[in-house]
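Here the structure is laid out as structure tokens; the discussion comes afterwards.
The values are calculated or read from the model by the stated rules, or taken from the named source; none is laboratory data. Quantities reported herein were computed from a predicted structural model and do not represent experimental measurements. Note that we place each Cβ from the backbone using ideal geometry, even for glycine, and neighbour counts take in every protein chain shown. Areas reflect the complete protein model, heavy atoms only, side chains present, ligands, DNA and RNA absent. Shrake-Rupley method; radii C 1.70, N 1.55, O 1.52, S 1.80 Å.
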There are 2 protein chains.
Amino acid sequence: MFEARHLRVLRSVARTGSFSAAARDLGCTQPAVSQQMKALESAAGTPLLVRGAREMRLTEAGEALVRHATGILAGLTAAEEEIAAIAGLRAGRVRLASFPSGSATLVPDAVADMRERHPGTKISLVEAEPPRSVEMLRAGDCDITLAFRYVDLPTPAEESWADLVVRPLLTDRLVGVVPQNHPLAGRADPARIGEFAEEQWIAGCPRCRGHLVEVCERAGFTPRIDFATDDYPAVVGLVAAGVGVAVLPELALESVRAKGVAVLEMQPAVEREVVALTLPDLAHVPAVDMMLARLARAGLRQARRTGLARQAAAEGAGGVAAAGR
Amino acid sequence: MFEARHLRVLRSVARTGSFSAAARDLGCTQPAVSQQMKALESAAGTPLLVRGAREMRLTEAGEALVRHATGILAGLTAAEEEIAAIAGLRAGRVRLASFPSGSATLVPDAVADMRERHPGTKISLVEAEPPRSVEMLRAGDCDITLAFRYVDLPTPAEESWADLVVRPLLTDRLVGVVPQNHPLAGRADPARIGEFAEEQWIAGCPRCRGHLVEVCERAGFTPRIDFATDDYPAVVGLVAAGVGVAVLPELALESVRAKGVAVLEMQPAVEREVVALTLPDLAHVPAVDMMLARLARAGLRQARRTGLARQAAAEGAGGVAAAGR
DNA sequence: GCCAACCATAAGCGATGCTTAGGGATACCC
DNA sequence: GGGTATCCCTAAGCATCGCTTATGGTTGGC
């Protein structure tokens, strides 16, 4: 079995015509070259070099081997370059899976950031809600999954993230969304969930709906859900049209033009933790690692933006709370 | 720097999907595979594998490396096969250089022998007289040189074979060639060189001519050389036509139809040693080594043939000695 | 809930491959 | 023609590498 090291030495000897020159070329001593060549000739089973008076010539077998070595070493170099490009973020691919409100807010920011810093990387995105998207991650169909969990809700066992790398990005809150002419719309104080007990509800994605029911039942009532859709603009439109009220993640509202509705802080706050998930091995893949960092940064920026908006709304309180933002 | 060993392991892991299976495949233990992969990932600078629940998956970098590995390992295998073919005499080339009487007698026999035993080998032949042919050998323009030396003559220093592998093939003798009607033609006893002192001489190749002059001068006369050619049929023709006499190597007569001349043994015998020369390194090249063996065998066969002919001539003595053979 | 398969890690050990040191041959130069 | 520089080989010492065995932890399957 020839080894690449042997071929490098042989090629260098063939090029320079002497062991000493090859040794200088390769950055080692001349006996090292001599030994390597002896080993190589032994492996080949035939001499490869003819020690001429002043120069080193190749035998037929030597020429054949050099001919092959050229291609082999070129392939090796190409491989090294491609791997180095991936390791050095000049290439590489990250496949994201995200739930809708994440892919509308955090992902674009992070992707733009990533593309600016590492233009060679390729990013793809599929939308998938948490249980499914985590399956995809485990099945190798994506590299990073954006997911969320409600901190007050015990995670179901079959959905454990214990074996995953969990990178918190953002702590999201639920907010109430009511028609602009709703009695609660003008109030400065946060709303309690119980105040919506008698309303008609418009619910979001299945997971959120499940959580919502849980929260309401803890507050002592069962919400009357007349309409459910994971299409948040539709939810907002329905609320604006007076069909009902909704309690939505703040992040989900971020990319929706909230016209004709009032957004209310909830008391007590119900928090949703938005995280990026990946497999432990993938966490060390440079492009994945960098993408996680970009997502974390996007999460911070998003949190700051939301915080500022909330602060501005609080300062301007007395009017319509955070309406029409 | 990736090594072929690494790539073999990676490919095996990729194919089998587990370290244990790869270890069985490669004939080593599982920790060996584990360590190799760790080293390879360290060299790559990025993970190559994702340890899935039950199967081993490749990362993007891993897939890229396997893609390259396929070509690289194929190239290595091809190289090994080609070298093995040369080492195993299923391929290979031998370039011969020979003086004319050698290339007309020993070489055809040896080449036929070689081709029969190792049909894959390629043999080429160029004609060249000793000083020049040895230069060719040293310059790498041929692999084996057939040459000869007169054992009674000190070899000139600049033509030393001390650094070469010298393989004796045959001990050739000089014989006298006289017209069939020459006074010496019918005699059973060997001729002495001095008996030709007053003759006109027809000489062979320059080297032989030089030697001939030396031999004659030791015998106390200077031969009157009227004609010199390295074309032995021409020499024989001239002798037959009565232009003069010649003293030629027996081997040179072997391929010449000696019509109209008588061939006389010489007393004392003057011997020419026919040898095959090669460079020490080339002597270990299988095809060269085998060709030397074939040449040696051809030399033996030739010696036997000559011996038998001489014996037959001796038994039939009293008539025309060895005429018209 | 135990068992089997798989992978990681650690320790021991032999092989490999490098280095330095020294010797012989050869071409070049004064 | 002798000195010198270059080149290669060999030997010995030594560090590293890579394999093995032994062992532990984890994960599916029965």
Trypsin sites (Lys or Arg not before Pro) within the range A:11-65, DSSP loop, no more than 15 other Cβ atoms inside 10 Å:
A:R54
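Mind checking the range B:137-212 for GluC sites (Glu not before Pro) that DSSP puts in a loop (not H, G, I, E or B) and that have at most 12 other Cβ atoms within 10 Å? Numbers along the way, then the final one.
On the way: sites: B:E158, B:E159, B:E195, B:E198, B:E199; in loops: B:E198, B:E199.
Listed in order of number, the matching sites are B:E198.
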Would you mind working out the magnitude of the charge dipole of the range A:263-315 relative to its Cα centre, with +1 at each Lys and Arg C-beta and -1 at each Asp and Glu C-beta, to the nearest 20 Debye?
240 debye
Rounded to 5, the percent of DSSP beta bridges in chain A classed as antiparallel:
65 percent
Give me the dipole magnitude in Debye, nearest 20, for the protein assembly as shown about the Cα centre, with unit charges on the beta carbon: positive for Lys and Arg, negative for Asp and Glu.
40 debye
Within the range A:169-231, list the trypsin sites (Lys or Arg not before Pro) lying in a DSSP loop whose Cβ has at most 10 other Cβ atoms in a 10 Å radius.
none
Förster radius 60 Å - calculated FRET efficiency between A:R15 and B:A188, Cβ distance, rounded to 0.05
0.35
Cβ neighbours within 10 Å, averaged per peptide: list B:304-310, A:79-85 in order, most packed at the top.
A:79-85, B:304-310
Just tell me which aspartates and glutamates come within less than 14 Å, Cα to Cα, of A:K38; anything on the same chain fewer than 8 places away is out.
A:E3, B:D281
Counting alpha carbon pairs within less than 8 Å and at least 6 residues apart, what relative contact order, in whole percent, applies to chain B?
21 percent
Kindly give the distances from A:T29 to its copy-mates, label point to label point, with each label point 7 Å from Cα along Cα→Cβ, as nm values to one decimal ordered shortest first.
3.3
In debye, nearest 20, what is the charge dipole magnitude of the range A:4-87 about its Cα centre with +1 on Lys and Arg Cβ and -1 on Asp and Glu Cβ, if you could check?
360 debye
For B:L169, residues with placed amide H under 5 Å, excluding near neighbours:
B:V274, B:V275, B:A276
Using a 1.4 Å probe, what is the accessible area per residue for the range B:1-72, in Å²?
47 Å²
Along the dipole axis of the range B:93-315 (charges at Cβ: +1 for Lys and Arg, -1 for Asp and Glu; origin at the Cα centre), the most positive-end residue among B:P206, B:A303, B:V166 is B:A303
Please list, in chain and number order, the residues 5+ apart from A:A262 or on another chain whose amide H is under 5 Å from its amide H, with Hs placed from the backbone.
A:V178, A:Q180
Hey, what's the range B:93-315 come to in accessible area per residue, 1.4 Å probe, Å²?
44 Å²
When each copy gets a label point 7 Å from Cα toward the beta-carbon at B:R224, what are the spacings between them in nm, shortest first?
14.8
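Among the complete DSSP H segments of chain A, which ones combine at least 30 Å of alpha-carbon extent along their axis with a mean Kyte-Doolittle hydropathy of -1.0 or more?
On the way: long enough: A:60-87 (40 Å, 0.62); A:286-315 (43 Å, -0.16).
Answer set is A:60-87, A:286-315.
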Each label sits 7 Å from Cα toward the beta-carbon; between A:R218 and B:K122 the label points are separated, in nm, by 8.4 nm
Taking a label point 7 Å from Cα toward Cβ, how far is B:A303 from its twins in the other copies, in nm, shortest first?
9.7
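Could you tell me what percent of the DSSP beta bridges with both partners in the protein assembly as shown are antiparallel, to the nearest 5?
Numbers: 52 of 82 bridges.
If I count the DSSP bridges inside the protein assembly as shown, around 65 percent turn out antiparallel.
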One finds, for A:S42 and B:S255 with R0 = 35 angstrom and r their Cβ-Cβ distance, a FRET efficiency to the nearest 0.05 of 0.25
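Report, as an integer, the average count of C-beta atoms from other chains found within 10 Å of each Cβ along A:60-70. Kindly include the intermediate steps, with their values, before the conclusion.
Values: counts 13, 12, 3, 0, 8, 5, 1, 2, 9, 3, 1.
Shielding by partners across A:60-70 averages 5.
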